[in-house]
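To keep things clear, I will list the structure first and then write my remarks on it.
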Amino acid sequence: MTRPPPDDATRPLRGLPTTTLVDLDTLVVPLLLLDNLREETARRLCALPLRLDGGRLFVAMADPDELAALDEIAFASGKRVIPCAAVPGRLAQVVDQAYADRQAGRSEWIGAHALPRTTAPTAPGSETVALDQFLRGGSMSRPAPPLSPPLREPFHADPTPSISLTAPDRPRILVVDDEPVILEFVRKALVQRNYEVVAAVTGAEALRILRSNEIDAAVLDALLPDIHGFDICRQLRASRRYQHIPIVMMTAVHKGWRMAADLKDLYGVVAYLEKPFDMHDLCDAVARALAGTPAQRPNPAILSAEAQHLYQQAAAAHRAGELDHAAQLLAQAVQVDPLAPTLRHQFGLLLAQLGQDIAAIHELEMAVDLDPGRYPSLRNLAALYQRRGFRRKSRELWERALVLAPDEDATREIRQLLVDLI
């Protein structure tokens, strides 16, 4: 039986921004978003895509606590899902109306009490405006957050020196799965075939391993508890530094050969295995993946130097007041080396300076994932969440930052902020 949405307007989900209780009749939903969720699935789960912000899909759900449903939507869409609670009866009606409107060729579903637009419709892939409109128009009223400390400006430190990587004597395989039994079975099977294996149980841990090790191939679980395998795959494929690494995807959700074909087309996955699978099939897939890798691989030192040059150009543009140009240069640097935490950190601060808070949060979260002990990233991420009104999430981050505070002044500041957030 479907449970009503929680009384509390927000709750944290796996380290992502807190969920929101939405009034559907105040929203305008771009119907192109429905391509992320089949109609049959949307009706069965009583779920409706609302907004797409980067790789995050905001979805209205009758039961936002149903983790199996969240995982199914994440798998089907290939995006990080942020659930938004909605009244079940009304949500079921809107799901029916929205998909009917999409079938009739309409571009938007408009709630009965939605405010008229003052600007042109926002494209479903845009970074900030659509989400800002959603948070203002769709969330229940809440008390104003306490004032947060200012964000630090970017370019206060030089980029992190590049890491010198040593090539392994035998093929090195990264295996990522949050189920210890499966992880150990896969590890042993690959070690027996003379591969060197490094293992991770979370997506963030996998990214840190990729940054500090020369990896020849990766075996990824599709549905990880923090950063989905799809996100990792997308980041590697978009990067000149890591796009040569072949990826074998594992999943516990049965999707058939069509999904396998889509994964190969969209993410460059070389093989797709549904659990439970035969270990011989997995090892054969890894062997084929390694056989198909290019003989000439990108030179990490050259790419690191290129990223640092772009960083210095961005710093110069920032000093000249050319903030948009600086952001473009930093975006190029991140594309070259997406696993450099300093680049992610500085890009996040610059986006925040440009008013693109949601994109800034994503970049700073990546910086923290890549370097959990990075105090400046934690501090600025906490301040940014607090500025956006996410009190619980900001408190969680301030508590983490408190442990890493560099001096007594910072410690006193954070303790006072925590008191204000109670």
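The values are calculated or read from the model by the stated rules, or taken from the named source; none is laboratory data. Remember, predicted model here, so these are calculated numbers, not experimental data. Reconstructed Cβ throughout: ideal geometry from the backbone, glycine too, with neighbour counts over all protein chains shown.
Can we say T2 is in a loop (DSSP other than H, G, I, E, B) and either closer than 24 Å to H228 by Cα or at pLDDT below 85 (or both)? Quick ask: steps written out before the conclusion?
On the way: in a loop (DSSP other than H, G, I, E, B): yes; either closer than 24 Å to H228 by Cα or at pLDDT below 85 (or both): yes.
It is true that T2 is in a loop (DSSP other than H, G, I, E, B) and either closer than 24 Å to H228 by Cα or at pLDDT below 85 (or both).
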Open item on the list: Going through V336, V368 one at a time, which residue ends up being of a type outside the set (D, E, K, R) and farther than 22 Å from P225 by Cβ?
Closed with: V336
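In the list A305, A285, which residue meets the criterion of being of a type in the set (A, V, I, L, M), surrounded by 11 or more Cβ atoms within 10 Å (Cβ to Cβ), assigned to a helix (DSSP H, G or I) and not assigned by TED's automatic domain parsing to the domain that holds Q243?
So the residue among A305, A285 that is of a type in the set (A, V, I, L, M), surrounded by 11 or more Cβ atoms within 10 Å (Cβ to Cβ), assigned to a helix (DSSP H, G or I) and not assigned by TED's automatic domain parsing to the domain that holds Q243 is A305.
I want to confirm something. Restricting to region 66-87 and keeping residues that are more than 16 Å from the chain's Cα centre (by Cα) and closer than 22 Å to L27 by Cα, which single residue is surrounded by the fewest Cβ atoms within 10 Å (Cβ to Cβ)? Before the answer, list the steps.
Here is the first cut: in region 66-87, the ones more than 16 Å from the chain's Cα centre (by Cα) are 66-69, 72, 84-87.
Then keep just the ones that are closer than 22 Å to L27 by Cα; that gives 84-87.
Values: C84: 25, A85: 25, A86: 28, V87: 18.
The selected residue is V87.
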Open item on the list: All but one of (1) at pLDDT 85 or above; (2) surrounded by 16 or more Cβ atoms within 10 Å (Cβ to Cβ) hold for R90; state the number of the condition that does not hold.
Closed with: (2)
Task: Any hit, region 313-327, residues being assigned by TED's automatic domain parsing to the domain that holds A383, under 21 Å from A206 (Cβ atoms) and surrounded by fewer than 24 Cβ atoms within 10 Å (Cβ to Cβ) - done: no
TODO: Select from region 382-404 the residues that are in contact with a Ser or Thr (Cβ under 6 Å, 6 or more places away or on another chain), surrounded by fewer than 24 Cβ atoms within 10 Å (Cβ to Cβ) and of a type in the set (G, A, S) and list them in ascending order.
DONE: A383
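Could you look through region 257-273, keep only residues that are at pLDDT below 85 and not in a helix (DSSP H, G or I), and pick out the one that is surrounded by the fewest Cβ atoms within 10 Å (Cβ to Cβ)?
To start, the set of residues in region 257-273 that are at pLDDT below 85 comprises 257-270, 272.
Adding the requirement that they be not in a helix (DSSP H, G or I) leaves 268-270, 272.
On the way: G268: 15, V269: 23, V270: 19, Y272: 22.
Top of the filtered list is G268.
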TODO: Being crowded, with 22+ Cβ neighbours inside 10 Å, of a type in the set (D, E, K, R) and more than 23 Å from L303 (Cα to Cα) narrows it down to one of R344, R379, so name that one.
DONE: R379
TODO: Give the residues of region 203-230 that are over 13 Å from the mean Cα position of the chain (by Cα) and in a helix (DSSP H, G or I), sorted by residue number.
DONE: E205, A206, R208, I209, L210, R211, S212
Task: Subset of region 389-403 [touching a residue at least 24 places away in the same chain (Cβ under 8 Å) and aliphatic (A, V, I, L, M)] - done: A401
Open item on the list: I need every pair where a residue in region 342-357 that is farther than 12 Å from A315 by Cα has its Cβ under 7 Å from the Cβ of a residue that is of a type in the set (V, I, T) and assigned to a helix (DSSP H, G or I), sequence separation at least 6 or different chains.
Closed with: R344/V334
